[in-house]
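One structure below.
No lab work stands behind these numbers, since they all come straight from the coordinates. Note that this is a predicted model, so its numbers are computed, not measured. Cβ placement follows ideal geometry from the backbone for every residue including glycine, while neighbour counts extend to all protein chains displayed.
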Amino acid sequence: NTSLESDAMQLLLQTLGHHIGKLTESSILMALVTLVCYQGFAVVFFANLEGWTWDQSLYFGMVTMSTVGYGDLYPTHWYSQLVGILFILVGIVVVFGQIIDLVNLVIVPLFQKSRDLVERLMPAHYVDITGDGTPDFKVPRRRPIFYGKGLAGPILMLLLFQFISAAIFTAVEPEWDLWSAWWYVMVTASTVGYGDQSVNKENTGALIWASIHILLSVGLLAAIIGDLEVLSEERQELLKQAACFEKCFQKETLQSLDIDQSGKLSKHEFVLSMLVKIGKLDPQKDLRVLENMYDRMDVNKKGSIDLSSVEASDGLQMMGFQDAHKLLQRCVGREVQQIMEKPQGRRSSVTGSVSSVSSVAPAPEKCRAAPAPELERTAD
């Protein structure tokens, strides 16, 4: 029994150690520790120097790092102002960015769920190149529809949260009506902070809820702004795929891809040349490096890579890459390893036979095959 208890305790400690180690490596713990240290400093330093209460100090810290800056609380001594300058910089540059990333861990998945719901209500159009019933790429909608679909859910969430927040403020601030509270929460979310209206500094409940509201409302708005950038990049990628699709049918384009002037296009020649032509590959930044790598790895200069030399333990040394490998490992080894271990999702391809292209159809699970019309006429 003693042995079993000892083994069980050892297993428990190992499990706890594993999870604590994972938590330590994560950004979640780092963000929480940073926030606690930052707000703890505000309570210890400003509460003692300025005579503020603990809740006023926490509120001041949140207002500062979020850049809302109502102006209702501020340092009054030259030495506290000097420390305040550093407090501002650390809060904006170090603390608040990490906290927003932490809030986004919850917000972004909700945004995606809302976007999936809108997608089911307003299905997209897809193109099936191979004719096997599986969509190969999505047809980009016109700007108002594309961005409207992508941002409808997030904006609705923001407005709903702001309305609930305004209702809570009318409860903790009895002198406020609903419109005054609504004005306050919208000005706060934008981080403008006019200062024409602020919470009662003697009301602990109002100060605590104001701090929470600043964090969540600014985080929501920041996530929506970030989402707008992501949607813009996504639409540009879809437009590149559409341009690639259209160019495939142009005789001039196909002739320009025939680099060796053989009158025929190999699969690899077609794919690489099309990627360069639509701007997804830069010949100087992308292809040149890969071509130089290939030439260096082709030790025997026979137009092929001897895999036995690559698999050998001294393969890097044989090909003269050991210094570059050590440099990368020393500078960004861990980050590169994380990228290499990151799973790669399935990507659409336009390298199938163009003769089997099907029509643009409303977002079914299986696309119906038909001759492909012009994309511009089918986009909403």
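Amide H contacts of Tyr126 (H built 1.01 Å from N, in plane; Pro and chain starts excluded): Val139, Ala361, Ala363 sit under 5 Å, all sequence-distant by 5 or more or on other chains.
If R0 is taken as 56 Å, the Cβ-Cβ distance between Lys301 and Val44 corresponds to a FRET efficiency of 0.20. With the simple model of a label 7 Å out from the Cα in the direction of the Cβ, Ala152 to Leu327 spans 5.2 nm. In the structure shown, the pairs Lys138/Lys277; Lys113/Lys149; Lys247/Lys302; Lys264/Lys285; Lys149/Lys285; Lys251/Lys285 are assessed against 23 Å; a Cα-Cα span above that value is assigned to Lys247/Lys302; Lys264/Lys285; Lys149/Lys285; Lys251/Lys285. Using a simple spin-label model with pseudo-atoms 7 Å out from Cα toward Cβ, Ile164 and Glu269 lie 6.1 nm apart. Computed from label points 7 Å out along Cα-Cβ, the spacing between Thr67 and Arg143 is 2.5 nm. Highest mean packing comes first when the peptides 134-141, 295-302 are listed by Cβ atoms within 10 Å, giving 134-141, 295-302. Taking Cα centre as origin and charging only the Cβ of basic (Lys, Arg, +1) and acidic (Asp, Glu, -1) residues, the dipole magnitude of region 22-176 rounds to 580 debye. Does region 35-91 come out rounded, prolate or oblate, given a ≥ b ≥ c as the square roots of the eigenvalues of its C-alpha gyration tensor, rounded meaning a/c under 1.5 and, failing that, prolate meaning a/b above b/c? Because its axes are fairly even, with a/c under 1.5, region 35-91 counts as rounded. Using the Cβ-Cβ distance between Tyr194 and Val94 with R0 = 35 Å, the FRET efficiency computed as 1/(1 + (r/R0)^6) comes to roughly 0.85.
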